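The values are calculated or read from the model by the stated rules, or taken from the named source; none is laboratory data. Bear in mind that the values here come from a model prediction, so they are computed numbers and not experimental data. Ideal geometry is used to build each Cβ from the backbone, glycine not excepted, and the neighbour counts take in all protein chains shown. Keep in mind that these areas ignore ligands, DNA and RNA; they rest on the heavy atoms of the full protein, side chains included. Shrake-Rupley method; radii C 1.70, N 1.55, O 1.52, S 1.80 Å.
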Amino acid sequence: MTGAREDDPRLGEIVVGADEIRRRVVELGAEITRDYADRTPLLVGILKGAFVFMADLARSIDRPVEVDFMAVSSYGSSTRTSGVVRILKDLDVDLGGRDVILIEDIADSGLTLRYLRRSLMARQPASVEICCLLVREGVPDLQDLVRYQGFPVPPGWVVGYGLDVGERYRHLDDIVAYKTHEDAGSGSVAG
Ligand code: PRP
């Protein structure tokens, strides 16, 4: 594993390795390049988890793109979102007529993305699509929600490539399993 892994017994096996991530990000970039051939998409990264993925994805798109960021905080426990999202940092740009692609590290329940899509749609963009590196397996309707998907992930906490636990491990190159006390089947995720 690369990325200055710390000696933490809770860090487990690699779930998606750096090489695999790199290849998939290039593929996603090519798909977006094709789909937005005559448009300049606005990539909206959701902080903090999306920052690594967004940086790599933006450089894999062979089109003019613009970038902006939002920071949100979900009400709920530290490991489960409730679907009620507070916007901590809003966009700098006006979305009127823009082709927006929301960039996320993970869709776990999908509640954050659903809320954000609704909220951005109200600002009269031309379109809003969602691109997510990880999509939780077995969650109803996530497949329809997320237009561009990196990898399915089984239940369990994962860290790395932007995803954290308690703000740690975002810098790992691989996506790695992380054992928590909630591990016995909660299906929630760190990030
Ligand atoms: C994670 C992730 C998504 C959300 C996914 O963010 O980045 O925003 O949870 O969960 P959901 O699909 O169940 O709504 P987190 O709150 O951990 O913040 P972070 O991106 O700053 O790590």
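Just a few scattered comments:
- Among (1) within 16 Å of the ligand (Cβ to nearest atom); (2) outside any loop (DSSP other than H, G, I, E, B); (3) under 26 Å from residue 154 (Cα atoms); (4) at pLDDT 95 or above, the one test that residue 69 misses: (3)
- Screening the candidates 125, 154, 140 for the property of being open to solvent by less than 70 Å² (accessible area, probe 1.4 Å), out of contact with any Ser or Thr (no Cβ under 6 Å at 6 or more places or on another chain) and farther than 26 Å from residue 65 by Cα yields one hit, 154.
- Residue in the stretch 111-140 that is farthest from residue 43 (Cα to Cα), counting only those that are of a type in the set (S, T, N, Q) and away from the ligand (no atom under 14 Å from the Cβ): 124
One line per residue, one yes/no per condition, for (1) open to solvent by less than 20 Å² (accessible area, probe 1.4 Å); (2) more than 9 Å from the ligand (Cβ to nearest atom); (3) not in a strand (DSSP E or B):
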| site | (1), (2), (3) |
| --- | --- |
| 23 | no, yes, yes |
| 30 | no, yes, yes |
| 39 | no, yes, yes |
| 53 | yes, yes, yes |
| 88 | no, yes, no |
| 103 | yes, yes, no |
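- The stretch 157-175: number of residues that are crowded, with 18+ Cβ neighbours inside 10 Å and basic (Lys, Arg): 1
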